[in-house]
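Colleague: If you scroll down you'll find the structure; I have some questions about it.
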Amino acid sequence: MKKAGISTLDKCFGTTLLVILVLGLPTVPSFAVESPFSDLPAHQQLSEDILRELVGFESTVERPEQTSKALQAMAARLRDAGFPKEDVQLVRPAEGHYGLVVRYRGIAEKQPLLFLAHIDVVTATPDAWAFPPFSLGKKDGYYVGRGTEDNKAGVTQIVSNFIRLKKEGWVPNRDLIAAISGDEETTGTVAAWFANEGRDLVDAQYAINSDAGGGEYTDTGERRAFWIQTSEKLYQTYELTATNEGGHSSLPRPDNAIQELAIAITRLAGHQFPVILNDSTRMQLRRSASLYPDNTARDMRALADNENDQAAAQRLSTGDAAFNATLRTTCIPTMLRGGHAENALPRDATVTINCRILPGTEAIDIENEIARLIGDLDIDINIIYQGLASGPSDLPDAFLESIESLVEENWGDVVVIPSMSTGATDGLFYRNAGIPVYGVSAMFSKPDDWRAHGLDERIGVRDFHESVAFWYQMLKTLSH
C-alpha cells in the first residue's frame, strides 16, 4: 500500500546497476503456538517452511538490510532447486531498494507470463502483539505473523511452486517470470524500475499479482466470492494550508487560520464526486449483485445499466463505504496540524487530504474541483504525493474462463468477480507501462478479519495451503 512519494525514482541507477548481492543468510527463529502439522505432504511442508522463514525477516522500511537478506534467502532456495544463476537475479535500482527477478525457462512458444509479489511489510510493535510479529505462530487454525497476509504468503505461492515444478521436471510452453519487490509499502521504486528501465527482465503478455484479489467467506464460513483485481484507484495526496499574521488570542480576528481551514474541510466533507463506472466496475456490480439482498441487487444492476441513476447510486453509497469508494473518487482529511500556543492566534493551519481517484479520471480535474470548493478562502493547495495513473486492464474471456474453471474445480459454485481495488499496489506501475495486471491472490478470508498492517496479522492455515495449490494449478494452466 502506498504511503510515500515516488520522487526517489529519480535516484534509480538504471539497468547498469543490476547487482548480485552476496551477503550471508541469517538464522531465522520460529515461534510455534501449536505443534506443526504432522506428516504434511512435501510440497505443503515446503510452503510452510518458506512462509516461516520469510516472516522471520523484519523486512520493514526501517530495516532494508533485512529485506535484502529475505530476497537472498529466496534466491538461494531457487538456485538450490536447479534454477541457473543467471535466471535468479537480485537487483538494487537505488540505495536501500531491493528486488528479485526469476525466470523459469519454457519452450518459448508464447509470450512470457509475469507473477508479482512484495516481500516488505509495515512496522510491527512487538509489545502490542499477542505473538512475536516476526516469528511465525500457529493458533486456532491460523498462521500468525507480520506479512502473513500482506504479502509474504504471495511470495510463498510463487517461490514454492517454482521450486516444486522445477523438481518435478515440468517444462512450460512459455517462460514464467517472477518479480518480487522490496518496497511496495513505501515508494514502489523497484516495481517502477522493473516496469521501465528493467523492462527486458520482466516483459510479458500480462501479469498476475498475488497482492490483490482473493476469496471471500460469508459470516457463517461459506465461500461467497472469488475476486480478480483488474484496476485500482490512483493514490494522490494534497495539503491545504491557511496562513495569516496571527496575534494575541484576546483579540480575535475574522480570518483565523484554523477557522478558515475548518470551513474548507466542511465543504470537502459535504461534497460527493460524480459516479463514474468503467467496464470493470460495471461487471463487478452485475456479477456481485446476487450476493446481496434483493433491493440492493436491483440498485446494483440498475446502476450498472445506467450510471446516471442518481437514486440507485445514493442508496448504495449511503452507509456502505465499500460501495461509495467503488462508485466515485474520494478525498478525505487524514492529518491535521495548526497553531503554536494556546493563547495565540494561529499563524497557520494545515490539513492533509488523501484522494483515491478513479481510473480514467485526471488528477488535475480533482485538484481543480478542490480549488473550486475553497475558492473564496485564503488557502494554498500543494501536492505532497504525485500519484501515477493506471487504466483498467481488459480481461480476456479466455483468462476469465480459465480462472472460473479452476475456482469451480477447487471450491464449487463460487462466483468469480472482476473488481477495482480502492487501494494501490505495485500493479499500477506495470499497467502504466502497458502490461495488463490481474490480481489473483486466491486466499479466502472473512471481510471482518482483514488484518494486513494491523495487530496479530494472520491467515487461515487451510486457506494458505489451498491458495498455494490453486497457484500450482494456475501456473500449469495458464502456461499452456
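The values are calculated or read from the model by the stated rules, or taken from the named source; none is laboratory data. A quick note: this is a predicted structure, and the numbers were derived from the prediction, not measured. Every residue, glycine as well, gets a Cβ built from its backbone with ideal geometry; the counts of neighbours run over all protein chains shown.
Colleague: Kindly list the number of the only condition in (1) in contact with a helix residue (DSSP H, G or I) (Cβ under 6 Å, 6 or more places away or on another chain); (2) without any contact (Cβ under 8 Å) to a residue 60 or more places away in the chain; (3) small (Gly, Ala, Ser) that fails for ALA179.
Modeller: (2)
Colleague: Now for a different question. Tell me, please, whether a residue that is crowded, with 20+ Cβ neighbours inside 10 Å, out of contact with any helix residue (DSSP H, G or I) (no Cβ under 7 Å at 6 or more places or on another chain) and outside the structural domain of VAL102 (by TED's automatic domain parsing) can be found in the stretch 218-227.
Modeller: yes
Colleague: Could you pull out the residue among ALA302, ALA289 that is at pLDDT 95 or above, farther than 29 Å from ILE370 by Cβ and under 26 Å from the mean Cα position of the chain (by Cα)?
Modeller: Going through ALA302, ALA289 in turn, the sole match is ALA289.
Colleague: While we're here: Looking at the stretch 283-305, which of its residues are of a type in the set (Gly, Ala, Ser) and either surrounded by fewer than 19 Cβ atoms within 10 Å (Cβ to Cβ) or out of contact with any strand residue (DSSP E or B) (no Cβ under 7 Å at 6 or more places or on another chain) (or both)?
Modeller: ALA289, SER290, ALA297, ALA302, ALA304
Residue-wise test of (1) within 20 Å of the chain's Cα centre (by Cα); (2) not in a strand (DSSP E or B); (3) not aromatic (Phe, Trp, Tyr).
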{"residue": "GLU86", "(1), (2), (3)": "no, yes, yes"}
{"residue": "THR123", "(1), (2), (3)": "yes, yes, yes"}
{"residue": "PHE131", "(1), (2), (3)": "no, yes, no"}
{"residue": "PHE134", "(1), (2), (3)": "no, yes, no"}
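Colleague: Could you give me the residue pairs with C-beta distances under 8 Å whose first residue belongs to the stretch 248-265 and is surrounded by 16 or more Cβ atoms within 10 Å (Cβ to Cβ), whose second residue is basic (Lys, Arg) and assigned to a loop (DSSP other than H, G, I, E, B) wherever it lies, and which are 6+ apart or on separate chains?
Modeller: Close Cβ pairs (under 8 Å, with a partner that is basic (Lys, Arg) and assigned to a loop (DSSP other than H, G, I, E, B)) amount to ALA257/ARG347.
Colleague: Another question, if that's okay. How about the stretch 130-151: which of its residues are hydroxyl-bearing (Ser, Thr, Tyr), closer than 17 Å to SER47 by Cβ and out of contact with any Asp or Glu (no Cβ under 7 Å at 6 or more places or on another chain)?
Modeller: If the condition is that a residue be hydroxyl-bearing (Ser, Thr, Tyr), closer than 17 Å to SER47 by Cβ and out of contact with any Asp or Glu (no Cβ under 7 Å at 6 or more places or on another chain), then TYR142, TYR143 are the ones that fit.
Colleague: Within the set of pairs 6 or more residues apart or between chains, which connect a residue that is within 20 Å of VAL461 (Cβ to Cβ) inside the stretch 157-174 to a residue that is of a type in the set (Phe, Trp, Tyr) and at pLDDT 95 or above with Cβ atoms less than 8 Å apart?
Modeller: Taking only residues 6 or more apart or on different chains, the pairs are GLN157/TRP471; ILE158/PHE115; ILE158/TRP471; ASN161/TRP471; ASN161/TYR472; ARG164/TYR472.
Colleague: If PHE464 satisfies all but one of (1) in contact with a Phe, Trp or Tyr (Cβ under 7 Å, 6 or more places away or on another chain); (2) part of a loop (DSSP other than H, G, I, E, B), what's the number of the condition it fails?
Modeller: (2)
Colleague: Residues of the stretch 275-289 being outside any helix (DSSP H, G or I) and of a type in the set (A, V, I, L, M, F, W, C), which ones?
Modeller: Selection gives VAL275, ILE276, LEU277.
Colleague: Could you check, for the stretch 345-363, whether at least one of its residues is in contact with a Pro (Cβ under 7 Å, 6 or more places away or on another chain), crowded, with 19+ Cβ neighbours inside 10 Å, at pLDDT below 95 and within 30 Å of VAL437 (Cα to Cα)?
Modeller: Yes, the stretch 345-363 has at least one match.
Colleague: If you don't mind, another one. If you scan the stretch 380-406, which residues turn out to be surrounded by fewer than 16 Cβ atoms within 10 Å (Cβ to Cβ) and in contact with an Asp or Glu (Cβ under 7 Å, 6 or more places away or on another chain)?
Modeller: Within the stretch 380-406, ILE381, ASN382, ILE384 qualify.
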